[in-house]
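The values are calculated or read from the model by the stated rules, or taken from the named source; none is laboratory data. Please read these numbers as outputs of a predicted model, since none were measured by experiment. Cβ coordinates were reconstructed from backbone atoms using ideal geometry, including for glycine residues, and neighbour counts include every protein chain displayed.
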Amino acid sequence: MAERESGRMTDPLVDLYSKLAAGGVGAIITGHLYVEQRGKYAPGQVGIHNDDLIPGLRRLVEGVHSRGAMIFAQLAHAGSQSRVPGLTPLAPSPVPNPLTGQPVAGGSDIDIEQATDSFAAAAKRAVAAGFDGVHIHAANGYLISEFGSPLTNKRDDRWGGDQQRRGAFARAVVDAVRGAVPGEFPVTMKVGMIDAVEDGLGLDESVPRAGLLVEAGLDAIEVSCGLMGAPTDSANTYVAVGPRRAAQDLLLHRMIGSPRPEAYFRPLARAVKAEVDTKVILVGGLRSTSMMRDVIASGDADFVAMARPLIREPDLPSQIQAGREGLVDCTSCNLCLIHEGHHPLQCWRTPRIRLLRHALYRLRGGFRQAEVIPTRH
Ligand SMILES: Cc1cc2nc3c(=O)[nH]c(=O)nc-3n(C[C@H](O)[C@H](O)[C@H](O)COP(=O)(O)O)c2cc1C
Ligand code: SF4
C-alpha cells in the first residue's frame, strides 16, 4: 500500500503509454500528475510533487519517445474534488464539492501561494524529466476551475469577487509555470469553459479569460467543462451508440433509445476559435473518422484528442492511418471511469471475461468497500 501511494511511476503505466505511442498516437497528454500532496485526486495516482519522482517520469518519457511520439505532463491539483480519504483538500471557499458533496474549508493566501508554487516546481520537474511540454488542468471541477466559477469561489479578495479576480488564480499559475520553464517550452491548458452545474460559469466569462491566459503565454487550449455534477458531464455516455452497436457490445439497456451526439464540446471549441488567436484541442466524444475529419476541415479545432477510444484500442491512430473508416469500438459505457482509484486503467468490455470480473466486483460490494471517497452518482 505504501509504495502504491508514493506517487511513483510504475512499469505497467510505462507499458500502457508506450503501447499508445507504438499505436500511432502523435502526442500523448498524461493523466493527472498531482503537483502537491493535497492535490491528489484518487488513491494510486502518479504524482510530480517531489524530485524523487523524476527518474520514474523520465523512464515514461523515454518509453514514449523511443516509439516516436511526444508526451506532455498534465499538471493537476484536484482541489476539493479529491477522492483520497484522509486528505485536507484545498478550495477557494467553504462550498461542498458538487461531485463528491465533500465539505471543505476555504484556502488561506499562504495555501494558494503554496499551490501556485507547486505548479511551478512541477513544471521544472517535467522539463528535467524530458517531457515535450506541460498541460495545466484547469477543468472538470479541479482546483483551478473551482477558482474560476462563481458557484465555488465566494471570496472577496485578490482571488475572487468578480469575473476578473476569479481568473486571478489561473493567471498566477500560468505566470508561475511560464517563469519556471525555458522560453520555447510548450505550455498548454485544459480549460473548463462552462460549468455543467446550473447558474455556473458561462462563455461570456470564460472566453475573455481564455484570451488573457493565451496572452500570458499559453500555446494551446483544450476545451472541456468546468464544475461537474456527475463524471458523465465530461465523459458523456453511449456516444454514437445505436441499437445494433449496443447489442454487439452487450449493452442491452441501450437497445432502445437514440445514439448520443458526437463531439459534444465542439461549440466550446468554436467559441474559443472565434475570439482567441490560439490552437484549440477538441476532446469529448470523437467516435467516427468522418467527424474527426469534419472538425479539422471546418477549422473548429486544430487537433482532435481522444481518451476512452484509446483505452479500448491503443492502436486506433495506426488503424485510421491505414485506412480504417467509421466508428471506433468504444461504446462510452464508462466502466473504465467507474473503476478509477479501484483498479489500473483498462477497458472492461474486452476481452469479455473482464465484464464478468466487473460484475463480480460490483456484486461483492467492491465499490462500497474500497478506500475511495465516492462520487454522488
Ligand atoms: C478513465 C478515465 C480517466 C481520465 N483521466 C483524466 C485525466 O487524468 N486528466 C484529464 O484531463 N482528463 C481525464 N479524463 C477525461 C478525458 O481526458 C476526456 O476529456 C473525456 O473522457 C472525454 O473524451 P473521450 O470521449 O475521448 O473519452 C479521463 C477519462 C476517463 C474515461
Ligand atoms: S470500458 Fe471500454 S468501452 Fe467502456 S468507456 Fe471504457 S474504454 Fe470505452
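Structure summary
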| quantity | calculated |
| --- | --- |
| Members of the range 16-41 found to be within 16 Å of ligand 2 (Cβ to nearest atom), over 18 Å from Gly133 (Cα atoms) and part of a loop (DSSP other than H, G, I, E, B), listed by number | Gly23 |
| Odd one out for Ala297, checked against (1) over 21 Å from Asp219 (Cβ atoms); (2) touching a strand residue (DSSP E or B) at 6+ places or on another chain (Cβ under 9 Å); (3) aliphatic (A, V, I, L, M) | (2) |
| Test: residue in the range 107-121 that is over 23 Å from Pro231 (Cβ atoms), hydroxyl-bearing (Ser, Thr, Tyr) and without any contact (Cβ under 8 Å) to a residue 12 or more places away in the chain | yes |
| Flag for Leu360 being away from ligand 2 (no atom under 13 Å from the Cβ), outside the structural domain of Val84 (by TED's automatic domain parsing), over 18 Å from Gly31 (Cα atoms) and in a helix (DSSP H, G or I) | yes |
| Every residue from the range 294-319 that is away from ligand 2 (no atom under 16 Å from the Cβ), assigned to a helix (DSSP H, G or I) and among the β-branched types (Val, Ile, Thr) | Val295, Ile296 |
| Condition check for Arg364: surrounded by 10 or more Cβ atoms within 10 Å (Cβ to Cβ), basic (Lys, Arg) and within 19 Å of Pro43 (Cβ to Cβ) | yes |
| Pairs where the first residue, in the range 215-231, is closer than 17 Å to Gly79 by Cβ and in the same structural domain as Pro96 (by TED's automatic domain parsing) and the second is surrounded by 24 or more Cβ atoms within 10 Å (Cβ to Cβ) and among the hydroxyl-bearing types (Ser, Thr, Tyr), C-beta under 7 Å, 6+ apart | Gly226/Ser145; Gly226/Ser149; Leu227/Ser145; Leu227/Ser149; Leu227/Thr152 |
| Failed criterion for Lys273 (all others in (1) at pLDDT below 95; (2) more than 16 Å from ligand 1 (Cβ to nearest atom) hold) | (1) |
| Given (1) touching a Gly at 6+ places or on another chain (Cβ under 9 Å); (2) of a type outside the set (S, T, N, Q); (3) over 30 Å from Gly217 (Cα atoms); (4) within 15 Å of ligand 2 (Cβ to nearest atom), index of the condition Pro261 fails | (4) |
| Residue that is modelled with the lowest pLDDT, among those in the range 215-246 that are more than 16 Å from ligand 1 (Cβ to nearest atom) and out of contact with any helix residue (DSSP H, G or I) (no Cβ under 9 Å at 6 or more places or on another chain) | Arg244 |
| Failed criterion for Phe303 (all others in (1) near ligand 1 (Cβ under 10 Å from one of its atoms); (2) of a type outside the set (D, E, K, R); (3) out of contact with any helix residue (DSSP H, G or I) (no Cβ under 6 Å at 6 or more places or on another chain) hold) | (1) |
| The range 160-171, residues that are more than 20 Å from the chain's Cα centre (by Cα) and either in a helix (DSSP H, G or I) or more than 20 Å from Tyr142 (Cβ to Cβ) (or both) | Gly161, Asp162, Gln163, Gln164, Arg165, Arg166, Ala168 |
| Single residue of Pro344, Pro374, Pro351 found to be more than 12 Å from ligand 2 (Cβ to nearest atom), out of contact with any Leu (no Cβ under 9 Å at 6 or more places or on another chain) and not acidic (Asp, Glu) | Pro374 |
| Matching residues in the range 20-40 - criterion: being under 17 Å from the mean Cα position of the chain (by Cα) and among the basic types (Lys, Arg) | Lys40 |
| Conditions (1) of a type outside the set (D, E, K, R); (2) in a loop (DSSP other than H, G, I, E, B); (3) free of Cβ contacts under 8 Å to residues at least 40 places away in the same chain: number failed by Phe367 | (2) |
| Residue within the range 202-211 that is within 23 Å of Val280 (Cβ to Cβ), in a loop (DSSP other than H, G, I, E, B) and among the β-branched types (Val, Ile, Thr) present | no |
| Evaluation of Ile112 against (1) in contact with a strand residue (DSSP E or B) (Cβ under 9 Å, 6 or more places away or on another chain); (2) buried (at least 17 other Cβ atoms within 10 Å of the Cβ) (one fails), failing number | (1) |
| Filtered residue count, the range 116-139, keeping only those that are surrounded by 24 or more Cβ atoms within 10 Å (Cβ to Cβ) and assigned to a loop (DSSP other than H, G, I, E, B) | 2 |
| Flag if Ile338 is within 20 Å of Gln248 (Cβ to Cβ) and β-branched (Val, Ile, Thr) | no |
